[in-house]
Amino acid sequence: MAAAAAPTRAEVMSLFRSLLRTARQFSDYNIREYTRRRAADAFRENRALGDVPAAAAAFAYGKKQLEVAKRQAVVYSMYAPKAKSIMEMKLQ
Amino acid sequence: MALSRRLLPALLCRGGCLSASPSPARALYTAAAVPADAEEEEEEAVTIKGVRISGRPLYMDMQATTPVDPRVLDAMLPFYLSRYGNPHSRTHLYGWESDAAVEEARARVAALVGADSREIFFTSGATECNNIAVKGVMRFYRDRRRHVITTQTEHKCVLDSCRYLQQEGFEVTYLPVRPDGLVDVAQLADAIRPDTGLVSVMAVNNEIGVVQPLEEIGRICREKGVPFHTDAAQALGKIPIDVNQMGIGLMSLSAHKIYGPKGVGALYLRRRPRIRVEPQMSGGGQERGIRSGTVPTPLVVGFGAACEIAAKEMDYDYRRATTLQQRLLDGIRGQVDDIVINGSMEHRYPGNLNLSFAYVEGESLLMGLKEVAVSSGSACTSASLEPSYVLRALGVEEDMAHTSIRFGIGRFTTEEEVDRAIELTVHQVKKLRDMSPLYEMAKAGIDLKSIQWAQH
């Protein structure tokens, strides 16, 4: 496999924003929060990756996760239950 | 891709809008059974079994089961849609691709526990694995081995299998546990006899979350030449497991405890030295004759995906569970006193917290906690009112065993959910204690045990 180039800062930020946007589209409270949090933590952790192959691999992994998230956001919304989680309802 | 972008707003509206009439998308699901009495159309409240809750409760019962991770679902769906072949069909693409997927999943399960692919056999779940392990091993070696050692806190399926063996004439030693839930390793070593055929000790207990000293037990079993079986359903993907380091001979694994689908599990069976079992399912000889029956490709692929994710996320999830457990404990302890943690705090998987609240009646506490999905200490024996045998084995008094609540924290649990769980629990406990005359007396300094209750 040819060695991939390290992603540019713009590409990384674009991927991060896409992941956060896709996270918002999940109808399930827990999955939505997890996607947002895990993406933020992963990008924060990998920020220090100076090693080019490692950075490229992390970026590729991130892109794959984005594709999975996009598909699953659609699937989850198709089967969203009528009643929302009590975490999403106003405090009574 | 473009299609989904066009469909997405319409589909999202269905889930997000408050509509009085049934939405058009739902009308398409003629095959999907919608229970008539489970939901009300006017509000978003849920009424079921006579209880009305404003929304779906927050889920804190991770030991009962876990939600399927979206990445796992993504891996499984193709095998329900187009790649639906039987993995044992040798003559066409459908069979070949299905078989390839099963083998890839097998490798992922094996990698998570440090085993070889050839040592993993897919079953319908940990209960089936426990049955094969306990009954299968003892029946295979029935001429020379007549004795089984297990603990009093094992899962019901292990204890029931042992009881079944007793009826067949085998002898079983049920080792007691210390008050912190851990088994006494010296006592275990003493209990081993020349005709002991199996030692079965679960890795992480489902009720109290205690982690048993697997390496020590494995070492002793290896020295004495006795196969070591562990039910690792709650441990897989949560704590590191290495079958060689821990001297494990047989291991039961379950998918639906690690964010995988329900209905599938795997049995680890050591090759060197080879451990033989008598199969419990007769049939076409699938899974090397150990477990006949068509291997359910979508479920197995889901299990493999769950294991792969668990391997990557174990550290992150563990650290998060530790933080959240501490938050939960501090939050509850900071507002109510007279709480007992059941099981050792040092040797514990942080996602499982079992608390007993003194002077509170268990059933009323649970009935008031309908917005939090938790389980009580007597989950496995839920049909009867008898307190949990696990808590009884720890030496917990009956009244404290009845008021125990098990909080499960998982990958998808949020800080806000923990805070809300604290709020709801504290509110309910305080309310019940305010009404409790026993609590008043205890606060006044009266020792409840010294009271002579008058008989009428």
Along the range B:292-308, Karplus-curve 3J(HN,Hα) (6.51, -1.76, 1.60; θ = phi - 60°) to the nearest Hz, with x for Gly and Pro, reads 6, x, 4, 6, x, 3, x, 5, 5, 4, x, 4, x, 5, 4, 5, 4
When only Cα pairs under 8 Å and 6 or more residues apart are kept, what is the percent relative contact order across chain B? 19
Using a basic spin-label model with each label point 7 Å from the Cα along Cα→Cβ, how many nm lie between B:ASP330 and B:ALA191? 3.9
Using the 10 angstrom Cβ neighbour count as an exposure proxy, how do A:ASP41, B:ASP317, B:ASP242 rank, fewest first? A:ASP41, B:ASP242, B:ASP317
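Tell me the mean residue ellipticity at 222 nm calculated for the protein assembly as shown from its helices only (DSSP H runs of n ≥ 4, each -39500 (n - 2.57), averaged over every residue, nearest 500).
Result for the protein assembly as shown: -13500 deg cm²/dmol, rounded to the nearest 500.
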Reachable lysines from B:LYS135, Cα under 18 Å, same-chain residues fewer than 8 places away excluded? B:LYS156
Roughly how many nanometres apart are two label points built 7 Å out from the Cα toward the Cβ at A:ALA60 and B:GLU346? 4.6
According to the square roots a ≥ b ≥ c of the eigenvalues of the Cα gyration tensor, what is the shape class of the protein assembly as shown, taking rounded for a/c under 1.5, prolate for a/b larger than b/c otherwise, and oblate for the remainder? oblate
In terms of Cα to Cα distance under 26 Å, which lysines are near enough to A:LYS84, apart from those fewer than 8 places away along the same chain? A:LYS70, B:LYS49, B:LYS257, B:LYS262, B:LYS370
Shape parameters for the range B:293-451, alpha-carbon atoms, Rg then Dmax in Å: 18.4, 65
Exposure proxy order (Cβ contacts within 10 Å, fewest to most) of B:LYS238, A:LYS84: A:LYS84, B:LYS238
Using alpha carbons only, what's the Rg to Rh ratio of the range A:40-92 with Rh from Kirkwood? 1.22
To the nearest 0.05, the calculated FRET efficiency linking A:ARG47 and B:HIS427 through their beta-carbon distance, R0 being 30 Å, is 0.15
Using a 10 Å cut-off around each Cβ, can you sort B:THR153, B:THR425 from fewest to most neighbouring Cβ atoms? B:THR425, B:THR153
Point-to-point label distance, B:LEU81-B:ARG274, nm (Cα→Cβ direction, 7 Å offset): 4.3
Using only alpha carbon pairs under 8 Å that are at least six residues apart, calculate the relative contact order of chain A and give it in whole percent. 41
Can you list the lysines whose alpha carbon is less than 17 Å from that of B:LYS443, not counting same-chain residues fewer than 8 positions off? B:LYS430, B:LYS431
Which residues' amide hydrogens lie under 5 Å from the amide hydrogen of B:ARG348, considering only partners 5 or more residues apart or on another chain, with H built in the peptide plane? B:VAL211
Can you run phi through the Karplus equation (6.51, -1.76, 1.60; θ = phi - 60°) for the range B:259-266 and list ³J(HN,Hα) in whole Hz, with x for Gly and Pro? 6, x, x, 7, x, 9, x, 8
For B:GLU216 and B:SER292 in one chain, what is 0.36 nm times their gap in residues minus the Cα-Cα distance, to one decimal in nm? 23.9 nm
Which shape class applies to chain B: rounded if a/c is under 1.5, otherwise prolate when a/b exceeds b/c and oblate if not, where a ≥ b ≥ c are the square roots of the Cα gyration tensor eigenvalues? oblate
Filtering GluC sites (Glu not before Pro) in the range B:283-360 by DSSP loop and by at most 10 other Cβ atoms within 10 Å leaves B:GLU346
Selected from A:LEU15, A:LEU66, A:LEU49 as most flexible by GNM, with chain A as the system and alpha-carbon contacts under 10 Å: A:LEU49
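No value in this document is a laboratory result; all are computed from the given coordinates. In this text, all values refer to a predicted model and were calculated from it rather than measured experimentally. In this analysis, Cβ positions are derived from the backbone assuming ideal geometry, glycine residues included, and neighbour counts consider all displayed protein chains.
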